Every structure is written in structure tokens, then in C-alpha cells.
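*Asks:* Have a look at this one before I ask anything.
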Amino acid sequence: MTKKKGFLDVISENRFIHILLSILLGFLVGAVFLVIMNLSVSAAYGRLINSVTSLKGFSYVVVYAVPYIVAGLSVAFSFKTGVFNIGAEGQFVVGSMAAVVTSIFGASLPKPLLIPLCFLAAMAAGAIWGIIVGVLKTKWGINEVLSMIMFNWIAFYLSNFIAGIPAIKNEGTAEATKNIADNASLLFSKDFIKSAGLAPTANWGFIAAIVATVLIWFIIEKTTLGYELKAVGSNKFAAEYGGISVNRSILTALAISGALAGLAGALQVMGMGKRISIFTSQEGFGFAGIVVALIGCSNPFGVLVAGLFYGALMYGGSKLNLEGVPTQLINVIVGTVVFFIAISVIFENLKRLKGRAAVKKAVAEKEGKK
Amino acid sequence: MTNFVNSLGIILFATLVYATPLLYGALGSCFSEVSGVVNIGIEGMMTAGAFTGTVIAYFTGSPWIGFLCGGLAGAFFGMLHAFATVSLGADQTIAGTAINMLGPGIVIMIAKVLFNSTDTIPLSASQKMPKLFAGTFDTSTVFGRFMDNVFATYVSTYLVFVAVIIVWFIFYKTRFGLRLRACGEHPQACETLGINVIAMRFACVCISGFLSGLGGACVTMALSTQFRPISIVGQGFIAIAAVIFGKFRPQGALLGCLLFGFCSGLKVVLGGSSGVNMHLISMIPYVVTVIVLVLFVGKSRVPAANGKPYIKAK
């Protein structure tokens, strides 16, 4: 059948367009709220766009995006293998703490040694956090969502506890850890930042994010491991029947996913964060990772773009105060986007607008497929 | 001895008060999950209820209208979740994630508009959730003070225990409950017997939102007197954890919530006496839960059709 596709056909079949439509609707709902609050839509969205399109603004966006991208990769990877890694939050937290502790004790090491060491420590910590949950699931059958929620909080309080230990704690009055060692910092040199006019926190993290993206894409699409994990994700009984060990796959998936979330934590603290505060509530990088993975359709390159989009919203959103707009507007927009992504089935139904004939045909096609 | 009895009284008081919001959320979660719809949006629904409850109580002066409106706000987000997941067959995890962003986002924005701050104005004593048996016990004796600590507590706490019994009765002793459970196990079979699965699930998710909203309102109207963005931090997720812990039964969820409440109570008492690190104490409930799961509870059987959208056959 070589019939030319109509406009509505294209819209209703292309997943990428669904995401774009969802984003559009998100901003539309945001605009409705702005109108209700009697605020200027053009001023708010103008500020949002202006703040992220300058060179300096965009460098901020990239800095913001790095942890979101890598945390998003972590969740996307887990989605591919049929596990919902709601525990990325905790893995992120232990990862960033591992990086800080490593940098404090290894402060005298040279940069080329210390940075990979911090990365490794963070990834190991995140992986261990993921594996614990995996073992609880595979050995004792404990629901992974439940234990991940528990381990998110255990990580949270563990991090607060470690941040208060005298050897780790800041010498000043700040309720936080010491700053990470200079040799573990990913920041560009001060002179370069100044001459290029970038954000003061501009750093090398985005290189790591891109490498991680490509690597994860490679693992998922081009390796036996990726094939096995995907097989378990789509039908674990069939996978088991095909000779794949489901338990081992779950453990591997959680380890890799955890390592990614840990790496995200390290990139955050070695780039923009510098130190870890004693928090009163979870920071939410892991939960943001869930959103980024969803917007990016769990595709590594999709996640890369979605992470930049999310970073732009977060950085641009922080500037909304200047227009008297509550920064929470961003959460409403993102929430709406995710909501429409969830119900993107309505876009698939758009072609029904073309009339009964098309509907009948679609139904007939569906029947035919069955 | 006197000290011990006093401390015990305070721990029990804190256990009950901290368990209350969790328990409302957990009962809500039970309704949704048992009918076959995963609802990780409990957290967002609780936040909506927490804000609405305290704001309405502030403006009307009636804690009861506030409490009810808190529930209705939760039900509104429940309806959104139901529309997405039940009517349109959306991915339940994604929709829940959206609710968790939308709930806090919208209410904090409204707070900014109404009060020019993210916090609401604290409730006065008459606007707050009233206490039952306040002043009934003679606090001059050790026993009296113990009784006062434990039983002179918020009405919402008494209500939630009544609610547990009612929900248990609905689930296991009524036709509605039998149908509800069947929808979560085998919706196709239900449909062939003339049960409207879509309507059942839609109703259950709305009820789930209503109860979660009530739970949120307890936090801001009983535990504290105002809504702040950090009022609801993870209680919704703990409620879900309690339900999985309790093997998707209301009576099991009760145990789970009391465990978390007890650990919070312990924290309140131990936190006063210095020497033990607060952060380590705060970790106890979560570590204990994992240990209890490994040692005693083990595998939790999820309702068979849980998480799978039901699409009616043509």
C-alpha cells in the first residue's frame, strides 16, 4: 500500500511528534495558569527563553543538564530491562557522597588519577545500592519498589550522617561536607571561563554525559548483554525459556543502572555542587531522572535531549522570580508534559477526526493484525 | 519507673499521630492497587490534600470543612489519575509520576498567589483538628498522664482506625469488595459476569485520592498547623511501602504504618536525649522494614492484574 500519508496520519503515528505535542500542551497549560494568576504570559515565557539562549545561559543549561542526563540514562536503562528504578535517588546520593569522601581522602593525588578514582567510587557505591535491592528481590522475593523506597531514605540519612563526621564536615559553620578537593574538580579553568564568558560552574561533566549516553546505547543495542536484558524486560518467561538467567539479568541491570545514578551524583558534586549539604528533604535528582527518561522515551539519545530540555526548564525557571512568576510554574509545566506523554494514546486517536471511514479501516486493520 | 511510663506514653502518642497520615494514604493505596491500578501518585494527592485542608480551614474557620475539602482535593487528582490510567489505558507509573509533579506544583503556586509565600498562615487552635478526651484524664498521677498522652489525641487519629475497620469490612464482607478484588485479579472474567471493570477501577482510584487527601490534611491540620512545601516529604511513598509490606491488605497496611509510626515516635523520644546521632536514629524505620521483610514477611503477592491497563474488548 503506497497511499500518501495525510497530516493527521503522521501526527498520530510518530512518537516523536507526540512528545512535541505534549511539550506544547505543557506550555499551554502553564500559560492558562499564568493568565489565571493575572501575569503576563509573554513576559514569563520571554524570560524563560532569553535566559537559556545566550551563550552564558546555555552553558548554565548544560551544567544543570549533566546530572539529569545521567540519572535519566540510569532510569531509562532500568526501564528497558523491565525494572522501574525508583531507587535512582538513593543511588545518586550514595554516589555523590562516595565521590566527596574519595576526594577528601585522596586530595594529594594528581588530577588524572583522582578524577577516575572518584568516578569509580561513585559508580561502585551506586551499583552496590542497586545490587542490594536486586539481591533482596531475587533471593527473598522482596518487592523492588518497596525496598528502593526504603534504600532512598537510608541513603539520605546515611549521607546526612557522613556529612556530619568531623573528618568530612566543613570547617566553617556550614552544615555541609568539605568542598571536594581541587584535583577532583571538573570545572574549566577560571581564565577560560572568563575569556569565553561561560557560567562560573561550567565544567567537563557534559563530556562524561555524552560518553555515557553512547556507551549505554551501545550496550542496549549492540551487545549480547543488552539483548538478554531487553529480552527479560519484554517477557521474562520467554527469556527464561530461551536460556537466559532472569535473576542474573535483574542483578546486572540494577548494578549498571545504579552505577549510572552514582556517576550522576559524582558529576553533580564534582562539577556544579562542590559539596554536599545536610538536607532536610530529598533533592530529587533521581526522581528528575524518571521524568527525563520518560520524556526521552527511554532512548539514550532521547534522554540526552530530554536532559538538556529539563536542565533548560530548571535553569530558566529559576529566573522566573524576576518576573514575579512562582518558579513552581515549571513543575506544573513538566507535570503536564509527563501527563500528556502518559495519555499520548489520545494523539493516536487523532486520525479518527478524518471520519468514520478511517475509523472503520483502522478497526479492520487491527482485527486483521490479530 | 515514672520516667519510663512517661516516655512510653509519649512514644505511643507519637506512634499514633505519625501513623495516622500514613494510614489514610495506605488505605487509599489499597483501594487503587487491589482494584488493579498502580498509584504512585499518592504523594502528590497527599500534598494537594495537605494544602487544601489547611487553607479551607483557615478561610472557613471550620476544621471539618477543611478536612473534607482536603479529601476532595486528593480525589480531584485521583480523578485525573483515573482518567489517564483507567479511561485511556495510560501507563500507570508515568501518570503517577505526573501527578506527583502536578500536585505540589499547583498547590504551591496557589499558595504563592494567596499568601505571597510558599507557606500558609498557621491555623488557630479553633481551626486546628480538635482533640478527643482532652482534659478527661487527671494528669497529676503517673497513670493519668500516661492515659492523657495516649488517648487525648486528634479526632482524625480515631477516625482512621474506624476507617481501617470499615475498609476491611468493605473488602472482605461486601459484594462491592469482592468485585473490587476480582477486578485486580482477572478483569476479563469480571466483565463476562457483567461487572463494569472500568467504572469499578475509576471509582477505586478516586476513593484512593480522597483518602490520600485526608491523610495529607492530617499532616497540616493535626501534626502541624500550616502547609509548607516540606509538609509532605515521602509520606506518600512510605504509605505505598506499608501497603506492599502488608501484602495489599488493609489490616497488613495498618501494621506497616504502626511500625513506621513507632519508629518515628522512638525518634522523637531518643532525639531529646543527646548522645545518639539523629540521622542514624532517623534511619531506623527503613532499616527495620527491610529486616522485617527479610525475616518475617517475605514475598508479597501483587494482585495479578495490577499495573495492566484494562482495555475492553470490542
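We did not get these values from a lab; they are worked out from the coordinates using the rules stated. Predicted, not measured: the structure shown is a model, and the values here were computed from it. FYI the Cβ positions are ideal-geometry reconstructions off the backbone, even for glycines, and counts take in every protein chain you see.
*Asks:* Hey, got the average number of other protein chain Cβ atoms within 10 angstrom for residues in A:156-162?
*Replies:* Numbers: counts 6, 11, 3, 1, 6, 7, 1.
Taking all residues of A:156-162 together, the mean is 5.
*Asks:* Let me ask another. Using only the alpha carbons, work out the radius of gyration and Dmax of chain A in angstrom.
*Replies:* Taking only Cα atoms of chain A, I get Rg and Dmax of 22.5, 74 Å.
*Asks:* What list of ³J(HN,Hα) couplings, whole Hz, do you get for the stretch A:284-301 from phi and the Karplus terms 6.51, -1.76, 1.60, once you set θ to phi - 60° and write x for glycine and proline?
*Replies:* Those phi angles translate into x, 5, x, 5, 4, x, 4, 4, 4, 4, 5, 5, x, 6, 6, 9, x, 6 Hz.
*Asks:* Per residue of the stretch A:49-66, in order, report the coupling 6.51 cos²θ - 1.76 cosθ + 1.60 (Karplus, θ = phi - 60°) as ³J(HN,Hα) in whole Hz, putting x for Gly and Pro.
*Replies:* In residue order, the calculated couplings are 6, 4, 6, 10, 9, 6, 4, 5, x, 5, 5, 4, 4, 5, 4, 4, 6, 3 Hz.
*Asks:* Can you classify the protein assembly as shown as rounded, prolate or oblate using the Cα gyration tensor, where a ≥ b ≥ c are the square roots of its eigenvalues, rounded means a/c under 1.5, and otherwise it's prolate if a/b beats b/c and oblate if not? Walk me through the numbers on the way to the answer.
*Replies:* On the way: a/c = 1.39, a/b = 1.09, b/c = 1.27.
It is rounded, given that a/c, with a ≥ b ≥ c, falls under 1.5.
*Asks:* So, by mean Cβ neighbours within 10 angstrom, what's the order for A:19-26, A:34-41 with the highest one leading? Walk me through the numbers before you get to the answer.
*Replies:* Numbers: A:19-26: 18.2, A:34-41: 14.4.
Peptide ranking by packing, descending: A:19-26, A:34-41.
*Asks:* A further question on this structure: Of the peptides B:142-153, A:189-200, how do they stack up when ordered by the mean number of other Cβ atoms within 10 Å, highest first? Present the calculation step by step, with values, prior to reporting the outcome.
*Replies:* On the way: B:142-153: 17.6, A:189-200: 12.5.
Top of the packing list down: B:142-153, A:189-200.
*Asks:* Right, here's the next one. Neighbouring Cβ atoms within 10 Å as the yardstick, rank A:Glu228, A:Glu221, B:Glu33 fewest first.
*Replies:* Numbers: A:Glu228 21, A:Glu221 13, B:Glu33 24.
Fewest to most other Cβ atoms nearby, the residues stand as A:Glu221, A:Glu228, B:Glu33.
*Asks:* Related question: Quick one: order B:Val294, B:Val205 by neighbouring beta-carbon count within 10 Å, fewest to most.
*Replies:* On the way: B:Val294 14, B:Val205 33.
Least crowded to most crowded, the residues run B:Val294, B:Val205.
*Asks:* In peptide B:238-247, what is the residue-averaged number of other protein chain Cβ atoms found within 10 Å of each Cβ? List each step's numbers first, then the result.
*Replies:* Details: counts 3, 0, 4, 8, 1, 1, 7, 4, 0, 1.
Neighbouring Cβ atoms belonging to other protein chains average 3 per residue here.
*Asks:* Computed FRET efficiency, Cβ-Cβ of B:Val292 and A:Ser195, R0 51 Å: what is it to the nearest 0.05?
*Replies:* Values: r = 59 Å, r/R0 = 1.15.
FRET efficiency, B:Val292 to A:Ser195: 0.30.
*Asks:* How well do other chains shield peptide A:319-329, expressed as the mean number of their Cβ atoms within 10 Å of each residue Cβ?
*Replies:* Working: counts 0, 0, 0, 0, 0, 1, 2, 9, 5, 12, 5.
Partner-chain Cβ atoms within 10 Å, mean over residues of A:319-329: 3.
*Asks:* Determine the distance separating the Cα centre of the stretch B:34-50 from the Cα centre of the stretch A:159-222; give it in Å without decimals.
*Replies:* That distance is 35 Å.
*Asks:* Points 7 angstrom from Cα along the Cβ direction at B:Ala152 and A:Asn38: gap in nanometres?
*Replies:* 4.6
*Asks:* Short version: ³J(HN,Hα) in whole Hz for each residue of the stretch B:58-66, in order, from phi by Karplus 6.51 cos²θ - 1.76 cosθ + 1.60 (θ = phi - 60°), x for Gly and Pro, what are they?
*Replies:* So the J values, rounded to whole Hz, are 5, 7, 8, x, 10, x, 6, 4, x.
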